[in-house]
Amino acid sequence: LTYAWIFNEYPTFVHQDSRRFVSQETGNLYIAKVEASDAGNYTCVVTNTVTNSRVTGPPTPLLLRNDGVMGEYEPKIEVQFPETVPSAKGTTVKLECFALGK
C-alpha cells in the first residue's frame, strides 16, 4: 500500500517538504508550523500497488484558530520503531519520530 493526501480537490496532492510529511507506515499526514495557506480539506488516498486500485477517505477539514487555544493537543513525542533495526551495510534506514503539540 502507498499513502497520499489530496489538498482541497483532485489533482492537488500534498507534496512533502520541510513542513509536510506523509508516513508510508501509518498513512498519517504531519504538518509542522501550520500556516493560513494550509487551511482547507484533506483527503487520504490509499493505493494498492499490486492491483493499482485506489480508495479515498472522507475529506477532513483543517481550520485555523485565531484565539491561540490549542485544544486537546498537548506536547508529546511519538516514536514507533523497534528497539533494533537490522539492515545491510550501505542501505538506507528511515526512522520516524515526531514531536507534536505546542
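Every number here is computed from the coordinates shown, using simple stated rules; none is lab data. Values in this document were obtained by computation on a predicted structure and should not be read as measured data. Here the Cβ is made from the backbone with ideal geometry for all residues, glycine too, and neighbour counts use every protein chain on show.
Assorted remarks:
- The 3J(HN,Hα) values that the Karplus relation (6.51, -1.76, 1.60; θ = phi - 60°) gives for the range 88-94 are, in residue order, 7, 4, x, 8, 9, 10, 10 Hz. Gly and Pro appear as x.
- With a cut-off of 13 Å on the backbone N, the residues of the range 1-20 near the modelled label site 7 Å out from THR56 along Cα-Cβ are 4-14.
- Sequence-distant residues sharing a close amide H with GLY40 (under 5 Å, placed H): LEU62
- Estimated vicinal HN-Hα couplings, Hz - the range 25-35 in sequence order (Karplus 6.51, -1.76, 1.60; Gly, Pro = x): 8, 10, x, 5, 9, 10, 10, 9, 6, 4, 10
- Annotation: amide H of PHE13 within the under-5 Å range of PHE7, sequence separation 5 or more or interchain, hydrogens built in the peptide plane.
- A simple spin-label model places pseudo-atoms 7 Å from Cα toward Cβ; at THR84 and GLU25 they are separated by 1.8 nm.
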